Amino acid sequence: MKNKLFILLFILSTLNLFAQNSDIIEPHKVQFRGVWIASVRNLDWPSKQGLSVRKIKKEYIKQLDLLKKLGMNAVIVQIRPIADTFYPSEYEPWSEFLSGTQGVAPEKGFDPLAFMIKETHRRAMEFHAWFNPYRAARTEFKANLAPSHIFNLHPEWFVEYGKDVYFDPGITEARKFVEKVIGDVVSRYDIDAVHFDDYYYPYRLEGIEFPDTVSFANNSRGFALEDKDDWRRENVNLLVKELYDTINSIKPWVHFGISPFGVWRNKSQDPDGSDTETLQTNYDDLFGDSQAWVRNGWLDYILPQCYQYLGRDIMDYRVVTRWWSDHNHGVNFYIGQGPFRLGNDNRGEPWTRGNEIERQLYFNDSIPNLLGSAYFRSKTFFDNPLGVNDVLKDKFYALPALPPASHHDGGKTFELNIRTVSKQVKRRKVYVEWESDKAENVRYYVIYKSEDTSDPKNIIAVTADKSISIKMRSLGIEAGELMITAVDRYRIESKPLKLLNN
């Protein structure tokens, strides 16, 4: 009886939520729309190990094109899954998820990361480089690690926990090594962001303590034994703060974002925690004090994972989203959603009834500090469970949106000067090419059909090209009304100019 009452209340609340919204919500001009592309175990890309360079490229472009078509403006690509890489590195070996053998380079000098960044930017999308900071290997496959893998060079930096090998976060040299690896990528590649997911310390295994007794004894930094959990949290805090400082010292426009598990602490553990009842939390089990990160401004964005449904008793999507909206401390707040669970009756009945992602997106629009979403994971959109692609494209992402600038960017202004180098104006069609005086700083251009550039409905195109062909017949405007802006590496949009300025 209790379950039936709960289902009835949930249905009524959902119907009320829909009643408060039209079929197509009011579009957002600035909104993060990201998708995770997982390379570990070849979950999303590449589809399998040992593919040719041609096939690797083709698969990535196919994913990008689909995501762009759905209205996405960012990809979060896993480029360092287990202390091995999808780019040439002097510090770590090539990933086994490319060739099948760790340390074996792709053929023909191919650099997957450079290729991915180029193709992503060509589509006016952001590239967030996803690093797993401390995961190193499965225990049973240690013998397969390349001779140059850091585990073989410095085994004293590592511990085994459950089925996996991890860097010990309590060892300063290990932390500094991870920071050096990431700083190297920031220096050499034109990425838009550095991204971590929810693995710093691993999820706690029941009855098994993380084996860091030696590192604590050698480097307790004044923490008492009874405060060892605080020491662990401080180890992660040091990584986050130092890495934020490192990124900003190299390229201050590169964002740093983390996607923690959605629950910082349960209210039963802390009066400031969320009204949830999860068995593990970021603070108490993963030793990630995400509130310290946002309070201290060590991140450009926080992207908590909430792969739960509206109304779930132990972790309600609405409760988590509202809590983070109230506790983001001015850091850009996006939410991580789980379309991979659509149609899976093992994850709860709401995932099979209608489209839970659609319900969540309607709800998202009522949260004042929520600046967008990221979806786990890319392959899901090829399966299109319960028509989620159509929901996104037709109802929520029908118009393009610009990724948000970080509050750390300090409100920089960006002046644009363009010069038309070629134009053809006909009654039904306009073709124009232009040059920009600050092209090296421009990420992409935005074309508007009106001088009102605040309204996303006036956006005709977001393009990385310096030319555009526009069919005027359907717009119902004169060619002289077309406006152009540029968005720079800091995500700052310039003042608008007439597209046909001479």
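Yes/no matrix, rows are residues, columns are (1) under 24 Å from the mean Cα position of the chain (by Cα); (2) surrounded by fewer than 17 Cβ atoms within 10 Å (Cβ to Cβ); (3) polar (S, T, N, Q); (4) in a loop (DSSP other than H, G, I, E, B):
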| residue | (1), (2), (3), (4) |
| --- | --- |
| 423 | no, yes, no, no |
| 427 | no, yes, no, yes |
| 446 | yes, no, no, no |
| 470 | no, no, no, no |
| 477 | no, yes, no, yes |
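Filter region 132-148 for residues that are part of a loop (DSSP other than H, G, I, E, B), in contact with a helix residue (DSSP H, G or I) (Cβ under 9 Å, 6 or more places away or on another chain) and not aromatic (Phe, Trp, Tyr) and give the result. Break it down stepwise before answering.
Initially, region 132-148 is screened for residues part of a loop (DSSP other than H, G, I, E, B), giving 132-134, 145-148.
With in contact with a helix residue (DSSP H, G or I) (Cβ under 9 Å, 6 or more places away or on another chain) added as a condition, the list becomes 132-134, 145-147.
The answer is 132, 133, 145, 146, 147.
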So residue 18 clears everything in (1) in the same structural domain as residue 192 (by TED's automatic domain parsing); (2) modelled with pLDDT under 95 except one condition, right? Which one? (1)
Can you confirm whether region 312-320 contains a residue that is out of contact with any Lys or Arg (no Cβ under 6 Å at 6 or more places or on another chain), closer than 18 Å to residue 397 by Cα, hydrophobic (A, V, I, L, M, F, W, C) and in the same structural domain as residue 67 (by TED's automatic domain parsing)? no
So which pairs qualify, if the first residue must be in region 32-59 and in contact (Cβ under 8 Å) with a residue 60 or more places away in the chain and hydroxyl-bearing (Ser, Thr, Tyr), the second must be outside any helix (DSSP H, G or I) and surrounded by 13 or more Cβ atoms within 10 Å (Cβ to Cβ), the Cβ gap must be under 8 Å, and the two must be at least 6 apart or on different chains? none
Residues of region 356-378 that turn out to be at pLDDT 95 or above, in a loop (DSSP other than H, G, I, E, B) and of a type outside the set (Lys, Arg), as a count: 6
Hey, does region 430-444 have a residue that's in contact (Cβ under 8 Å) with a residue 40 or more places away in the chain, closer than 29 Å to residue 25 by Cβ, in a strand (DSSP E or B) and not assigned by TED's automatic domain parsing to the domain that holds residue 256? yes
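Only residues that are assigned to a helix (DSSP H, G or I) and touching a Ser or Thr at 6+ places or on another chain (Cβ under 7 Å): list them for region 219-242, please. So that I can check it myself, show each step before the final result.
Keep residues of region 219-242 that are assigned to a helix (DSSP H, G or I), which gives 225-242.
Result: 231, single match.
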Result of the Cβ filter at 9 Å on region 104-128, keeping first residues that are under 17 Å from residue 81 (Cβ atoms) and free of Cβ contacts under 8 Å to residues at least 24 places away in the same chain and partners that are of a type in the set (Asp, Glu) and surrounded by 18 or more Cβ atoms within 10 Å (Cβ to Cβ), at least 6 apart or interchain, is 104/96
Can you name the condition, by its number, that residue 193 falls short on among (1) crowded, with 22+ Cβ neighbours inside 10 Å; (2) farther than 25 Å from residue 404 by Cβ? (2)
Would you check which residues across region 421-448 are in contact with a strand residue (DSSP E or B) (Cβ under 8 Å, 6 or more places away or on another chain), closer than 17 Å to residue 487 by Cα and among the charged types (D, E, K, R) and list them? 435, 437, 438, 443
Of the residues in region 183-218, those that are among the hydrophobic types (A, V, I, L, M, F, W, C) and either at pLDDT below 95 or in a loop (DSSP other than H, G, I, E, B) (or both) come to 191, 210
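Tell me the helices (runs of 4 or more DSSP H) entirely within region 269-352 that contain at least 2 residues that are in contact with a Ser or Thr (Cβ under 7 Å, 6 or more places away or on another chain), under 29 Å from residue 385 (Cα atoms) and touching a residue at least 40 places away in the same chain (Cβ under 8 Å). Even if it seems obvious, please write down each step before you answer.
Numbers: elements: 282-285, 290-295, 317-326.
Here the list reads 317-326.
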Filter region 391-420 for residues that are at pLDDT below 90 and hydrophobic (A, V, I, L, M, F, W, C); the one that is farthest from the chain's Cα centre (by Cα) is 418
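The values are calculated or read from the model by the stated rules, or taken from the named source; none is laboratory data. It should be emphasised that the depicted structure is a prediction, and the values quoted were computed from it without experimental measurement. Methodologically, a virtual Cβ is constructed for each residue, glycine included, from the backbone with ideal geometry; neighbour enumeration extends over all protein chains shown.
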